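Read through the structure below, which is laid out as structure tokens, and then see the notes.
The values are calculated or read from the model by the stated rules, or taken from the named source; none is laboratory data. None of these values were measured; they are calculated from a predicted model. Reconstructed Cβ throughout: ideal geometry from the backbone, glycine too, with neighbour counts over all protein chains shown.
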Amino acid sequence: METRIGEAFHEAGHAVALWRQGLEIKYVTINNPFIDDPKKKCWTQPQLEKLPPNEPDLADKLCIFINAGCDAEEIKLGEVPELRLMEHQERIQGYLELSGRNFTDEEERHHVRKLSEEAYNLISESWELVEIVANELLEKDTLTGEKADTLLRKL
């Protein structure tokens, strides 16, 4: 049961981070029946086709989105599985590479720390929203972007 709760809060953290940053959610799920890969059973998908094309901070927003899931899970359970942290760090690296910025190693570490702090603060400040989305996921497994948006706008 604790795993399912962790997954719900993790995905809720992703969803809230997208929404708070003005990015649309396509869906958020903790039990995708169409995916056999257990690592992808839980997933929050942004509306990729609606991402602003030339926004310079898009990579940063996506890094915050990735960090926010682990932050929400850690706030709720006190820890995040090491494998999940490693997978998320790889995704963050990918987004930073796509940004086209030429960081030195030190600049990149500083930037990643800054984004990590922003994600944690966003989740801490939005905890009530995270709880609402997580509880809805525990009840229904999957939310469409429209349903998530409706839930989040109620507050």
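Below is a table of values for the structure above.
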{"read-out": "Sole residue being under 16 Å from Ile92 (Cα atoms) and at pLDDT 95 or above, chosen from Ala17, Ala59", "value": "Ala17"}
{"read-out": "Residue match in region 104-119 (condition: under 17 Å from Glu24 (Cα atoms), among the charged types (D, E, K, R) and exposed (fewer than 13 other Cβ atoms within 10 Å of the Cβ))", "value": "no"}
{"read-out": "Lone qualifier among Asn31, Asn67 - being at pLDDT 85 or above, under 20 Å from Leu122 (Cα atoms) and of a type in the set (S, T, N, Q)", "value": "Asn67"}
{"read-out": "Residue match in region 84-91 (condition: at pLDDT below 85, of a type outside the set (D, E, K, R) and exposed (fewer than 14 other Cβ atoms within 10 Å of the Cβ))", "value": "no"}
{"read-out": "Region 36-52 - residue that is assigned to a loop (DSSP other than H, G, I, E, B) and modelled with pLDDT of 70 or more and, of those, nearest to Ala148 (Cα to Cα)", "value": "Gln47"}
{"read-out": "Within region 84-155, helices (runs of 4 or more DSSP H) holding 1 or more residues that are farther than 20 Å from Cys63 by Cβ", "value": "127-140, 145-153"}
{"read-out": "Region 128-155 residues that are more than 16 Å from Glu7 (Cα to Cα) and in contact (Cβ under 8 Å) with a residue 24 or more places away in the chain, paired with ones that are charged (D, E, K, R) and in a strand (DSSP E or B) (beta carbon under 6 Å, 6 or more apart)", "value": "Gly145/Lys26"}
{"read-out": "Considering residues of region 9-35 that are assigned to a helix (DSSP H, G or I) and not hydrophobic (A, V, I, L, M, F, W, C) only, the residue farthest from Leu151 (Cα to Cα)", "value": "His10"}
